[in-house]
1. In region 55-136, what chymotrypsin sites (Phe, Trp or Tyr not before Pro) fall in a loop by DSSP, with at most 13 other Cβ atoms inside 10 Å?
2. Okay, helix-only estimate at 222 nm for the chain: each DSSP H run of n ≥ 4 adds -39500 (n - 2.57), divide by all residues, round to 500 deg cm²/dmol; what do you get?
3. Calculate the dipole size of region 313-434 relative to its Cα centre from +1 charges on Lys and Arg beta carbons and -1 charges on Asp and Glu beta carbons; express the result in debye to the nearest 20.
4. Could you give the length gained by full extension between ALA530 and LEU466, i.e. 0.36 nm per residue of separation minus their alpha carbon distance, to one decimal place?
5. Determine the shape class of region 475-613: with a ≥ b ≥ c the square roots of the Cα gyration tensor eigenvalues, call it rounded for a/c under 1.5, and otherwise prolate if a/b is greater than b/c, oblate otherwise.
6. Hey, if you drop one equal point scatterer on each alpha-carbon of region 123-185 and run the Debye formula without solvent, what base-10 log of I(q)/I(0) do you get at q = 0.14 Å⁻¹?
7. Could you report the chain's accessible area per residue, 1.4 Å probe, as an integer in Å²?
8. To the nearest 20 debye, what is the magnitude of the charge dipole of region 470-510 about its Cα centre, counting +1 on the Cβ of each Lys and Arg and -1 on the Cβ of each Asp and Glu?
Amino acid sequence: MKTTFKIAKTELAQLFYSPIAWFLLVAFLFQCGLAYTNTLDNFLTEQDIMGNAALKYMKFLTSGIFAPPYGIWPDLANKLYLYLPLLTMGLMSREINGGTIKLLYSSPIKVREIIIGKFLAMMVYNLILVGILFLIVVCALYNIHAADAGMLFAGLFGMYLLLCTYAAIGLFMSCLTSYQVVAALSTLVLLAILSYIGNLWQDIDFVRDLTYFLSISGRASKTMMGLITTRDIFYFLVIMGMFLSFSIYKLKADRESKPWTVKAGRYVLIVVLALALGYITSRPGLIGYWDTTATRTMTLTANSQKVIKEMGDEPLEVTSYINLLDNHFWYGRPEDRNKDLARWEPYLRFKPGIRFKYVYFYDSTYDKNLFKYNPGQTLDSLAKKYAKSAKVDLSMFKKPDEIHKIIDLRPEENRYVMQLKYKGRTTFLRLYDDQYVFPFETETGAALKRLMQAKLPKVAFVRGELERSIDKAGDKHYKMLTNQITFRNSLINQGFDPVSISLKEEEIPSDIVALVIADPKVGFDTTAMAKIERYIAGGGNLLIAGEPGKQEMVNPLLKPLGVQLMDGELVEKSKDFSPDLIQPYLTATAAGFTKKLQEDAEDSLVVSMNGAAALSYSTDGPFTVTPLVMTPEKKSWNKKVRPDETAMDAAEDGNAAIATRTGPDEKNNGKDTAWKKLGYAPEQGDQAGPLPAIVGLTRTINGRQQRIVVAGDADFLSNAELGRNNIQTSNFDFSTGIFSWFTNGAFPIETTRPPSPDKRLEISSQGLTALKVFLLGVLPGILLAMGAVLLIRRKRK
């Protein structure tokens, strides 16, 4: 070891007696400082412009500034990709070109001592480079409030492993030639190959894992994000060991006169051993994880872990059905198989025995443009066309009649879908029509939990009295809320089973978690009323949503509950919207349904209600009644006599001529006149706000708490209001929160994480300017001066 250390010391001295080592240090320091201060400047500008409001949106600043894909870690790693070949190109090429290699061969020094000694020198130099990064980390710890130190130091560790791997590769390339420039270029080429090789032959099952393992691209990404895994550590160690072994055997081969087959066999054996080690250390059950982030953002939440733990050791099978003609086919191609496994890695961490299958087929889709832009085509001809375009073998795809014998995916619109199977039970996990496409932890957790429950959370929506439909996409209906499979927030994708029942023909199922009666247009007959009364008396959960003008249909249902829809209609004064668009706020009780609703309440988000009746209730009944949504105090009231739609439009548009059709005053003009016709008139029975628009009722019966929600509006759950984009609302969070309340929080799966503490910069614009001067001027100048003094003294000696 003494000899090895002497060689390392000598090599390190030669590095620092050359201008290139100092130049690269100065250039790297300048680039690090520039990347950090520029990124900091962007966030600081946003913080200064938005003020305190920025604290709600500037979350996880440490990750945003440093972590992949947009942080400075990957940016700086790409620069090191260019630096290291300039440092390693002369490690052995200089010895070969200068003839000193013969002196080393004739000395008692062993070849492995030469290689390891020179690699140790590079490891020390790499520590200096990481020291520059450490300086940036220290600045970040002072500049970012409650900076995530664990993530930052994990990033430094990942950068160091990457640097040492580059050094090992560069050392081997330097052994191959006496020309330093050739060694540098060869290193760049080999690094490029190792970065790209993960994309080669990914459609071949046997080769896929081998090339994916050899790929260096993105290997340090998770470490830079704060998740250290034994698989990534072993990858870098194996690659380092492989190329150091190559270097040792290359130098030995120059001194030996053995057949080329023996020499080549050594390299093959090293590669085989490296691949074997890589395969073993990357098996899910053998990987160790360390999430260094402050809020454990790289680990499944406690609720998801609990669901997986409850599954035990029973096997979970995930079968992906991938339609060639589906728009999402590109996510399921064979060459993207490893990307799919990477999405499941957080779950494999806690349940390594998950088995994956992939079934490819082609069948018609619900995309109207499929045949519109391909007139006269058949399914078979379209499949040939698409297979040719995607460069895949059509023979691997099952035909429509073949896939129908295995599974009927037509209810899933023949889309790319994953079927989860556990203990004989199955459920679907879908892809969605949004920018994220794949399911989040919430949707995945809900699907896993469904597999373990014999009794699924079923919600029954009443039909037969012209109520809102769960199967229609019209503005007034509830398809988006309930069973739109392409929308991730639909109840069907959050663990619920929405069903539709007719009280005229069916009994209310005993296994439902809630019954929903939404805006009946006609009164219930005695048979239906008796069923509802029995359901309520039995302690069933219930959601009743009425509408202004429908009091006579809804109030008979509400009478036993001690709640009534008040006569008239709620109106709210607004400069932008019609008076019948009510924007009430969440109460503390409603905000307590879920953590997301708590955030919405803190952000003052409203619940949009397009036409609502105020509610009155009695506190003397069997239920405890609590308001969930209240109208604003100063700009809303209940209009006892419902204004007609013409007056509503007039109040919004300021058209006095139309508005005065409801009264005799035609002298005043403009919007004020229109509003006067809708104005607060206590003498006519109007009641000022705040008024409850939605209330919650509870009581204990049969040993459990019965929960009922009564709303004076049925539109807050509708497709139109859930899709509203001209007001920032909490309608979806609130509607989901109601059903979460009905299930005691069992569904949807709660996957919110602790709030981000690092959401504010603690540096002023003047401070940032001073930091720029320090990092971009003072420090590089000091380093440059140190290098110049050392080199001048060396030259004089």
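1. Here the chymotrypsin sites (Phe, Trp or Tyr not before Pro) that fit, given the DSSP loop and packing criteria, are TYR70.
2. Values: 32 runs with 383 residues, N = 797.
Rounded to the nearest 500, the figure is -15000 deg cm²/dmol.
3. On the way: 23 positive and 19 negative charges, 32 e Å.
The calculation lands at about 160 debye.
4. Working: separation 64, 0.36 × 64 = 23.04 nm, distance 1.88 nm.
In short, 21.2 nm is gained.
5. On the way: a/c = 1.75, a/b = 1.24, b/c = 1.41.
Oblate is the answer for region 475-613, as a/c is 1.5 or above yet b/c matches or exceeds a/b.
6. Scattering profile of region 123-185, log10 relative to I(0): -0.53.
7. Details: 36630 Å² over 797 residues.
It amounts to 46 Å² per residue over the chain.
8. Working: 5 positive and 6 negative charges, 55 e Å.
Around 260 debye, computed over region 470-510.
The values are calculated or read from the model by the stated rules, or taken from the named source; none is laboratory data. Not measured: the values here are computed from a predicted model. Please note: Cβ atoms are built from the backbone with ideal geometry, for glycine as well, and neighbour counts cover all protein chains shown. Accessible surface is based on the protein model in full, side chains and every heavy atom, while ligands, DNA and RNA are left aside. Shrake-Rupley method; radii C 1.70, N 1.55, O 1.52, S 1.80 Å.
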